[in-house]
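Colleague: I'd like to ask you about the structure that follows.
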Amino acid sequence: MNDSRPLAERMRPAVLDEVVGQAHLLASGKPLRRAIEQGHLHSMILWGPPGCGKTTLARLCAQSTSAAFLQISAVLAGVADVRRAVAEAQARRDMGGRTVLFVDEVHRFNKAQQDAFLPHVESGMITLIGATTENPSFEVVGALLSRCRVHVLKPLTAEDIVAALQAALRDARGLAHMDLRAHAEALLTIAEFADGDVRRALTLLEVIADGMSVGDALTEAHVLAAAGDKRRRFDKGGEAFYDQISALHKTLRSSNPDAALYWFCRMLDGGTDANYLARRLTRFASEDIGNADPRALALALDAWQSYERLGSPEGEVALAQLVIYLAVAPKSNACYRAYKNAVALVQESGSDQVPMELRNAPTKLMKGLGYGKGYQYDHDQEDGVAYAQRGFPESLGERELYTPTDRGLEAKIGERLKWIRERRAGR
């Protein structure tokens, strides 16, 4: 065939019925499908992972209203490109035409660049369709977001991608001229490697087909030979990264060592710096375990140091050991809450004076002024505790900021602290 475009581009759906997946948006009767079919377009943000159909949907939106389709990439476009696109839209509007301006990776535009679209969206001169792989709540300015409807696109399932591969094999735009006999398990393996990205799947199919002859059988062996072993999607700076670190924290907190170890390995597999993971695990040891098992913090520091000394891949084993220990350890955020309570108390109170008995008195002048007067040396007191000793500034009175849990070692700490507080309250 003479078409030299990549297979993924040749197989881009020309009508809605060719789109695979996204039934929650495009099934019969769904609002977005009705809007496209009836030509009642609105400015929108299409949020979804790579290869799920964002650009295709934008093109079909423009096609439904016979609007001109202008596409710019926020990665490559500068101010001049934006002005040129707006000028084209203005000229077309003066002649009675409509323009759909598709901004790929709209989250890459800064606030000023995004704000520049506002008057043209409000006036209806352009219908803006922005595509993003990042959460628009954080990446798109509020003023622009309020003027657009957000549609969330989902990763394509393996079944969706297999359907797209089968269409490519039998369609004249695709590989019908090759008459390839594809084994079902081979197509499923391609779909699994694609990890929800139909563009990735079609690209892999094209690579495999380039090395085959007309009428050949496409087997799983062909796929494995061409694909390598990278099947997972991961963006070290994107939402998938933050979703996975959240999953690691929450599975640790819920005492699920198996799931926690899975997410730890997923992040390593995606290229996360093991030192970053060690830092987050050390924080977890203090924030979510604390005095329920003080050994957790020491083990976290030991594991981190072991990784730094051993390097990769041996050092990851020490971190994996840490993950399992943290997951099964008793949990308490009492120390973390006590710290937050103390911070809040400091911020809401004034610069209250240290009680005189708690002040140091290294000079005669300071002793003469009463510094240290009345201080009770705890080691000389009954039980080794000066129960009557003030601890807070007089204006605040005594406070209880730390409330131990009844889990792990903290249960013992709680018993001891309760015993002391009862005696202190009785003085």
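We did not get these values from a lab; they are worked out from the coordinates using the rules stated. Values in this document were obtained by computation on a predicted structure and should not be read as measured data. In this analysis, Cβ positions are derived from the backbone assuming ideal geometry, glycine residues included, and neighbour counts consider all displayed protein chains.
Colleague: Can you count the Lys pairs in the chain with C-alpha separation below 30 Å, eight or more apart or on different chains?
Modeller: Close lysine pairs found across the chain: 24.
Colleague: Given the convex hull over the Cα atoms of the stretch 290-426, what projected area results after averaging over all orientations, in nm²?
Modeller: 12.3
Colleague: Quick one: putting +1 on the C-beta of Lys and Arg, -1 on the C-beta of Asp and Glu, what dipole do you get for the chain around its Cα centre, in Debye to the nearest 20?
Modeller: 1260
Colleague: Can you check what the net charge comes to around LEU101, using other residues whose Cβ is under 13 Å from the Cβ of LEU101 (Lys, Arg +1; Asp, Glu -1)?
Modeller: With Lys, Arg at +1 and Asp, Glu at -1, the neighbours total +3.
Colleague: Let me ask something else about it. How much net charge surrounds LEU169 when only other residues with a Cβ under 13 Å from its Cβ are counted (Lys, Arg +1; Asp, Glu -1)?
Modeller: 0
Colleague: Let me ask you something else. Evaluate 2.2 N^0.38 Å with N set to the residue count of the chain, then give the Cα radius of gyration divided by it.
Modeller: Normalised by 2.2 N^0.38 Å, the Cα Rg of the chain equals 1.44.
Colleague: Apply the Karplus curve 6.51 cos²θ - 1.76 cosθ + 1.60, θ = phi - 60°, to the phi angles in the stretch 56-62 and return the couplings in whole Hz, x for Gly and Pro.
Modeller: Taking θ as phi minus 60°, the curve returns 4, 4, 4, 5, 5, 4, 5 Hz for the stretch 56-62.
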